[in-house]
Structure formats: C-alpha cells, structure tokens
Amino acid sequence: MAGAGQYSGLIMMAVFFGIFYFLLIRPQQKKNKDIQKMRSGLQVGDEVITIGGVHGKVLNIKDEVLTVEVGADKLKLQVSKWAVGSVKEK
C-alpha cells in the first residue's frame, strides 16, 4: 500500500492538467484558429472593426496590409491584417 500514496500526487497533477487543457488551452486555440480564418478570408468591400476600435471599409488588400476607408471624409488608413478584430455582418 505504500506505493499507492506515491502515485496519487502524480495522478492528481495529471487530472488537473487535463481539466486545465480542456477549460483554457483548447478553447483559446479554437478562438485563435477562428480569428486567423476570418483574417485570411477578408475581401475588398468588407466592413471591418480594428482591435483599436476603428470602423471602416476595406479598399485594398496587399499581402499583410489593408487599406481601409474611414469616416464621411473617406480618409484612407493602412492597417496590418492582424489588427482586424472583426468583420461586420452584411
């Protein structure tokens, strides 16, 4: 019976790691995958919101840089693709 006590701590650590993985790590990986899919699917004409809160319309996409039209005066901003937080529903 002395051997059972030695493994109980190891088993508890494995259980805690499993819980930690399924409650924190896995959902975060899924969220990151969804965001990456959204950013790679951006198209000219999409209405986007940057992580900084800027709302605009995509005018041009070149590699990892977007040209976004902002405001009534049609100001053009260049932002990195990673800075897009979400795409507005059409």
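Each value in this text was obtained by applying a stated rule to the coordinates, not by laboratory testing. As the structure is a prediction and not an experimental result, all values here were calculated from the model. Cβ sites come from the backbone with ideal geometry, for glycine too, and all protein chains shown count toward neighbours.
Kindly state which strands (runs of 3 or more DSSP E) lie completely within the stretch 1-89 and contain at least 2 residues that are in contact (Cβ under 8 Å) with a residue 24 or more places away in the chain and among the β-branched types (Val, Ile, Thr).
47-50, 84-87
For the stretch 37-77, how many residues are polar (S, T, N, Q) and surrounded by 12 or more Cβ atoms within 10 Å (Cβ to Cβ)?
Result for the stretch 37-77: 3.
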